[in-house]
1. Using the Karplus curve 6.51 cos²θ - 1.76 cosθ + 1.60 with θ = phi - 60°, what ³J(HN,Hα) values do you get for each residue of the stretch 50-62, in whole Hz, with x for Gly and Pro?
2. Counting pairs of Cα atoms in the stretch 258-373, how many percent are more than 24 Å apart?
3. Quick query: amide H of SER410 versus all other amide H atoms, modeled in the peptide plane; which residues come in under 5 Å with a sequence gap of 5 or more or a different chain?
4. Compare the Cα positions of ALA252, ASN215, GLY489 along the charge dipole of the chain (+1 at Cβ of Lys, Arg; -1 at Cβ of Asp, Glu; about the Cα centre) and return the one farthest towards the positive end.
5. Under 5 Å between amide H atoms, partner at least 5 residues away or on a different chain: which partners does ILE314 have, H built in plane at 1.01 Å?
6. What are the ³J(HN,Hα) values, in whole Hz, obtained from phi via the Karplus relation 6.51 cos²θ - 1.76 cosθ + 1.60 with θ = phi - 60°, for each residue of the stretch 206-221 in sequence order, with x given for Gly and Pro?
7. My understanding is that a pair violates if its Cα-Cα distance is over 30 Å; which of LYS341/LYS411; LYS77/LYS360; LYS60/LYS202; LYS77/LYS317 do that in this structure?
8. Residues with beta-carbon under 12 Å from that of ARG195, excluding ARG195: net charge, scoring Lys, Arg +1 and Asp, Glu -1?
Amino acid sequence: MPPAELSTPRGQHAPVEPCTLVIFGASGDLARRKLMPAVYNLQVDGVLPSNLAVIGTGRKPMQPAEFRSRMREGIAKYSRRPLDPSTWSAFEPRLYYHRGAITESATYTELKSTLDTIEAELGLPGNRIFYLAVPPDAFAPIAQGLQQAGLTHPPVPPRPFCRIIVEKPIGHNLDSARRINTALGQVFDESQIFRIDHYLGKETVQNLMVLRFANSIFEPVWNNKYIDHVQITVSETEGVGTRAAYYDEIGALRDMVQNHMLQLLCLVAMEPPPSLDPNVVRDARIDVLRGLRPIAGDDVRKMTVRAQYGAGNIHGKDLPSYRREPGVKPDSTTETYVALKLLVENWRWAGVPFYLRTGKAMPVRASEIAVQFKEIPQILFNAPPHAPQAPNVLAIRIQPEEGFALRVISKVPGTKAHTRPVEMNFDYDDAFTTGTPEAYERLLLDVMEGDASLFMRRDAVEASWAWITQILDGWKRDRSERLPEYPAGTWGPAEADRLIQADGRSWRPL
Ligand code: BG6
């Protein structure tokens, strides 16, 4: 007997059409840690379609019961909300497993008959989402396998929808990104392809547009007349952990800057889009990438710093040097830290530097965008030359403790005219009682609804790779140079301090 309908107070979401989610790589970590807990939380929120099936596929032979119990265990461990037995029992019968190797054509023909059977049994209309939670060299074979088995079709209403979600990394440089995009484009229309950058699904990242364009006080000063510079920091306390096989080939520039950090930059620097239409918003974001001054030739050495962590201690925990981490090549030159200075060449931002830094094995886990305003004139309260007033800073905290703080100068109570910086602080947890959804919850629901605003369009992926590849090429030429080291648990190498100090500025303490 088909399972009962999923329960559903719909909140303010548009109804989502019943569909089937097929996850390739379902026995991997992403499915257990992120995807399944996200689907489960959407179910708790009552925003899933009333009729849904989830089919995990993977190479491992697994009985459906084993797959369900693995997913249950993942939800119990990683979901932001505890596993509720009655919600789980409504959800569990909708999970299926299909075994098959990505390279075998039988995988796809068998998948087709599995899909047909399940959809007929559940009364599903044939809307399908294929989630590729697999390395990028598997994207093309999967797309072709799906096509050859007749599992894809162009987006022509009233036919059921057919969408594909791909995870980063989309390539390791511009050429490889183009190859992947071309292979996907031979099977799917661009409107069917959803390239995930999970940073865009974070609540505070979405709030950037609201902060800028739903308030009247920021936009008039959001330009080179008032802003001195912007710092974007993503620091992580973890080392490479168990991901050396992936990370040692990739490094921090490709892993964090090419995607997440450039997307944060786009949201800070973009022009107000004329509407919230997904393509209009994405056009506004890509214009920032198009305005980036290339960092090439000698500028690579002047405007970028890369480094690797050495042995150290983070909050009482010893970490070996990166090169001694299991799975890392002993002579690896992969960077675990990057700092760079970039310029967006348009009328709004001319002359305003953006400083980006990211690293593993740092003292604090924090993602922050700090917009520092210009100093006030050296008169009145800023007259004494020995005690300049601290400039105003709007610090947007993406994680943890999501919120933002505006630093302003205030008079210290008393009979003297003493002043001191104070912070006007907004904290999500204090202001809202509803918990913050995980990025994957929002993003999966958006794909079900067909809203691509928070996904990377092909041109954006390639524009950001075009800019990053020039830096990578510069680094390749400088291979003989010694890679600076920073002890694990510190804020990166002295070279990164010099990069920003050369402009008379310094990194914000976090
Ligand atoms: C991933 C990177 O995309 O983002 C990881 O591959 C990194 O190396 C992670 O740790 C950071 O994401 P978050 O959401 O924990 O800040």
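The values are calculated or read from the model by the stated rules, or taken from the named source; none is laboratory data. Small disclaimer: the values here were computed from a predicted structure and weren't measured. Here the Cβ positions follow ideal geometry from the backbone for every residue, glycine too, while neighbour counts run over all protein chains shown. Note: accessible area is taken over every heavy atom of the protein model, side chains too, but ligands, DNA and RNA are not part of it. Shrake-Rupley method; radii C 1.70, N 1.55, O 1.52, S 1.80 Å.
1. For the stretch 50-62, the Karplus-derived couplings read 5, 10, 8, 10, 10, 10, x, 10, x, 6, 5, x, 8 Hz, x marking Gly and Pro.
2. 42
3. Here ARG420, VAL422 satisfy the definition.
4. GLY489
5. LEU319
6. For the stretch 206-221, the Karplus curve yields 5, 5, 4, 5, 5, 4, 6, 10, 10, 10, 8, 7, 8, 4, x, 9 Hz.
7. LYS341/LYS411; LYS60/LYS202
8. Numbers: positive: ARG163, LYS168, ARG282, ARG457, ARG458; negative: GLU167, GLU190, ASP197, ASP459, GLU462.
Every neighbour counted, the sum reads 0.
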